[in-house]
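Heads up: the structure comes next, in structure tokens.
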Amino acid sequence: MTTYIELVGLLIILMLPFLYETSHIFRYYFKFLIYYGIVSFNSIILIPAFLFRPCDVRNLLWASTFCHRISTLIGLRWELRGKEHLEKDQACIIVANHQSSLDILGMFDMWHIMNKCTVVAKRELFYAWPFGLAAWLAGLIFIDRVRGEKARATLNAVNHKIKNQKIKLWVFPEGTRRNTGELHPFKKGAFHMAIDEQIPILPVVFSSYCTFLNDKKKILNAGNIIVTALPPIATEGLTKDDLDGLMERVHWVMSDTFKQSSTEILQRYAAHSLNNKCQTSNSSNTPKLSPVRTPATGVGDDFIKHTDTVAGTTTVFDKNDYQDVMVIKKSTTLIH
């Protein structure tokens, strides 16, 4: 019986590389399993250490040290711009767009730069032990999104502490993660907090994940993400009457940055895809993809030429990838 189980186990292990290379669905779940598995394992290891200074936001520096290599394991590369804004030793409300749970990996990659920073998270995550317990001991703030009054009371209780201790509070003002290629309307909580304590808003923008992540199709490939920290927006002298104007201003500057950085990522992706296609064509010794550009259309049959009126550029996309990239078109002016 033992030998039979060992043979089955060996067969499964031998099948893993094949499944990983041939099935994007298997690769999707396998990468998330690595992500959540390592985070949970590290949570178990770190909980005893966190007990020595419970609910201290500096514990998150330990967590990021243990977890930031996960991005490398699953093929994600984060490119941070505006680092100088995150380095400042000041209290602020960081507002960021929210596309996926992968956003947390980007945060792990720059926590050592932010130093004292904590996050507002939904209460349900607290019950996802061991991660939830470790997160609470690391100073995360859990709010009940269903009960608005209770959520506001929780945030009001920590607001003064944030200012006095010069802590950065990371908030996802869209509320729910959505990888749709656009920024959604903001909730008011983070902006109320900033005005109440007269501390700045610091926008952080993650470029679109559309080139490597599609949750509906269960695709998670290697990918590059530009993370842009914008200059802080002051709230000194603002009152509740200025709330809507502040939200519109922040939303506009973040949307504009999202479009620009996502366009850049898409152009890199298209260039990389075109280069790989050309290399495949040259090595196969078949005339199928030669020439890549034809006199009549400027683009071969396996490619689609697309003009981006926002960036003022023309990009050549691999036809097989173009459909996935164009998902952005449904909800943003990034691609026309």
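The values are calculated or read from the model by the stated rules, or taken from the named source; none is laboratory data. Since the model is a prediction, treat every value here as computed from it, not as a measurement. All Cβ positions, glycine included, derive from the backbone under ideal geometry; neighbour counts span all protein chains shown. These accessible areas exclude ligands, DNA and RNA; they are computed on the full protein's heavy atoms, side chains included. Shrake-Rupley method; radii C 1.70, N 1.55, O 1.52, S 1.80 Å.
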Next item on the list: Please work out which residue is most open to solvent (accessible area, probe 1.4 Å), limiting yourself to region 199-220 and to residues that are more than 15 Å from Gly106 (Cβ to Cβ) and touching a Ser or Thr at 6+ places or on another chain (Cβ under 8 Å).
Entry: Asp215
Next item on the list: Please work out if Thr154 is without any contact (Cβ under 8 Å) to a residue 24 or more places away in the chain and open to solvent by 10 Å² or more (accessible area, probe 1.4 Å).
Entry: yes
Next item on the list: Return the total of residues in region 36-92 being over 18 Å from the mean Cα position of the chain (by Cα) and part of a strand (DSSP E or B).
Entry: 1
Item checked: region 106-123 residues that are under 17 Å from Cys67 (Cα atoms), paired with ones that are among the hydroxyl-bearing types (Ser, Thr, Tyr) and at pLDDT 90 or above (beta carbon under 7 Å, 6 or more apart) -> Phe108/Ser64; Asp109/Ser71; Trp111/Ser64; His112/Ser64
Next item on the list: Working only within region 119-130, note down all residues that are open to solvent by less than 60 Å² (accessible area, probe 1.4 Å) and of a type in the set (Phe, Trp, Tyr).
Entry: Phe126
Item checked: region 41-60: number of residues that are open to solvent by 40 Å² or more (accessible area, probe 1.4 Å) and either acidic (Asp, Glu) or within 27 Å of Ile226 (Cα to Cα) (or both) -> 1
Next item on the list: May I ask you to say which residue of Glu236, Glu182 is among the acidic types (Asp, Glu), over 30 Å from Ala138 (Cβ atoms) and crowded, with 16+ Cβ neighbours inside 10 Å?
Entry: Glu182
Next item on the list: Using the structure shown, decide if Gly139 is of a type outside the set (Ser, Thr, Tyr), in a helix (DSSP H, G or I) and either buried (at least 21 other Cβ atoms within 10 Å of the Cβ) or within 23 Å of the chain's Cα centre (by Cα) (or both).
Entry: no
